[in-house]
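Input: a single structure, listed below in structure tokens.
The values are calculated or read from the model by the stated rules, or taken from the named source; none is laboratory data. Only a predicted model underlies this, so the values are computations on that prediction, with no experimental measurement involved. Glycine also receives a Cβ, built like all others from the backbone with ideal geometry; neighbour counts cover every protein chain displayed. Areas reflect the complete protein model, heavy atoms only, side chains present, ligands, DNA and RNA absent. Shrake-Rupley method; radii C 1.70, N 1.55, O 1.52, S 1.80 Å.
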Amino acid sequence: MENILELRTVHTGSLTLGEGPIWDERIQTLYFVDILQKTLYRWNYASKETRVKIFEEYISCIALSEDEGLILIALESGVFSYALDTESLSFICKPESQNNFRYNDGRVDWKGSWLLGSMNNLNNGPDAPLLPDATLYKVEGTTVTSLLKGVTISNGIAFRKPYIYFIDSKLNCIRKFVYDKEQFTLIKEIFKLEDGTTLDGMCISADNKLFIANWAGSKIIVFDLLNEHVISTIPLPCLNPTSCTFGGPDMNELFITTASINENNTAVAGVYVIRLNEHGVPENKIKLKNLKNEN
């Protein structure tokens, strides 16, 4: 894959566990989080300015809504709406009821519902027990449905109707499911990594390619869904890329979050962007009607 421009730095500050990059094409803004630092970031493409909000608990991921001034966020205590102008929070629901759990990755489906995976906080670190005791949920307003149980570390989620591609980092593979209403049916495993590194977050291009963050692998893996094989990689200067998303005015820039965990030089664990020949598609948005029962 030929890169039109070289890798650039968007966020130069070191992120402990950068995650959840989401691009809002309506306001040309990149959202991302540092889970362990409990921080939400908003980076404006035109001004290059970053706004920061620190919470009292882990914030794991973000969902856009039909209202560009309102996002949904996953905190340890549940799902909340967050008004950008007033920075006010409104509780919506708490999909995961187990103690010492948080949420990890999530993505809005084509119907305007949020698919959100939980994980046991004990499953962090090299000595983690990696217990399959978490769940992938569908959140539709205050209504919560369990789609997939026995998850260990819920990670990359990508949609191409009627399919969902899903990574559980413990299994270290991408599984393809048919996703229809409340049915979540496994079709097959399409890719497995067995080199000692880990599959993390991912996004999908308009041309049916998965861009997958390779934790401990210092790269983004590019996987062709049509032919079901790896076609290229994007090397990175940091050990642990965590996720990626397409953005920019032409939706052809790949934004990449990273983590400083186990990094010899923590200064390299920021947010990067690279312009590619590929294009992304705008993120699905939470349907406001789904929030009508919001507390």
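Looking only at the range 226-279, how many residues end up being in a strand (DSSP E or B) and farther than 21 Å from LEU64 by Cβ? Number satisfying all stated conditions: 15. Does the range 104-123 contain at least one residue that is in a strand (DSSP E or B) and surrounded by fewer than 14 Cβ atoms within 10 Å (Cβ to Cβ)? The answer is no; no qualifying residue exists. Restricted to the range 162-183, and to residues there that are in contact (Cβ under 8 Å) with a residue 40 or more places away in the chain and of a type outside the set (D, E, K, R), the residue that is nearest to THR145 (Cα to Cα) is TYR179. From the list VAL79, VAL52, the one residue that fits, being under 17 Å from the mean Cα position of the chain (by Cα), modelled with pLDDT of 95 or more and either closer than 22 Å to THR145 by Cα or not basic (Lys, Arg) (or both), is VAL79.
Return a yes/no flag: does the range 203-219 have any residue that is farther than 25 Å from GLU278 by Cα, open to solvent by 10 Å² or more (accessible area, probe 1.4 Å), at pLDDT 95 or above and assigned to a strand (DSSP E or B).
If we filter the range 203-219 for residues that are farther than 25 Å from GLU278 by Cα, which is where we start, we get none.
The answer is no; no qualifying residue exists.
Any residue at all in the range 142-152 that's open to solvent by less than 50 Å² (accessible area, probe 1.4 Å), touching a strand residue (DSSP E or B) at 6+ places or on another chain (Cβ under 6 Å), at positive phi and polar (S, T, N, Q)? No, the range 142-152 contains no residue that is open to solvent by less than 50 Å² (accessible area, probe 1.4 Å), touching a strand residue (DSSP E or B) at 6+ places or on another chain (Cβ under 6 Å), at positive phi and polar (S, T, N, Q).
Within the range 124-134, take every residue that is open to solvent by 10 Å² or more (accessible area, probe 1.4 Å) and either out of contact with any Ser or Thr (no Cβ under 6 Å at 6 or more places or on another chain) or assigned to a strand (DSSP E or B) (or both) and give me the one that is nearest to PHE184 (Cα to Cα).
First, pick out the residues of the range 124-134 that are open to solvent by 10 Å² or more (accessible area, probe 1.4 Å): 124-133.
Subset that is either out of contact with any Ser or Thr (no Cβ under 6 Å at 6 or more places or on another chain) or assigned to a strand (DSSP E or B) (or both): 124-129, 131, 133.
On the way: ASN124: 27, GLY125: 30, PRO126: 31, ASP127: 31, ALA128: 28, PRO129: 27, LEU131: 22, ASP133: 18 Å.
The selected residue is ASP133.
Would you confirm whether or not the range 168-183 contains a residue that is of a type outside the set (D, E, K, R) and closer than 25 Å to ILE59 by Cβ? Within the range 168-183, one or more residues are of a type outside the set (D, E, K, R) and closer than 25 Å to ILE59 by Cβ. Sub-8 Å Cβ pairs linking a first residue in the range 89-100 that is over 18 Å from THR145 (Cα atoms) to a second residue that is at pLDDT below 95 and open to solvent by less than 80 Å² (accessible area, probe 1.4 Å), at least 6 apart or interchain, are SER90/GLU294; ASN100/ASN120; ASN100/ASN121, ordered by first then second residue.
Any residue at all in the range 224-244 that is of a type outside the set (Val, Ile, Thr), at pLDDT 95 or above, in contact with a His (Cβ under 8 Å, 6 or more places away or on another chain) and open to solvent by less than 30 Å² (accessible area, probe 1.4 Å)? Among the residues of the range 224-244, not one is of a type outside the set (Val, Ile, Thr), at pLDDT 95 or above, in contact with a His (Cβ under 8 Å, 6 or more places away or on another chain) and open to solvent by less than 30 Å² (accessible area, probe 1.4 Å), which makes the answer no. Residues that are in a strand (DSSP E or B) and buried (at least 19 other Cβ atoms within 10 Å of the Cβ) occur in the range 177-188; there is at least one.
Of the strands (runs of 3 or more DSSP E) entirely within the range 1-99, those holding at least 2 residues that are open to solvent by less than 40 Å² (accessible area, probe 1.4 Å) occupy 8-11, 18-24, 29-34, 39-44, 59-64, 70-75, 78-83, 88-93.
Here ILE256 passes the criteria (1) under 25 Å from GLN37 (Cβ atoms); (2) open to solvent by 20 Å² or more (accessible area, probe 1.4 Å) except the one numbered (2).
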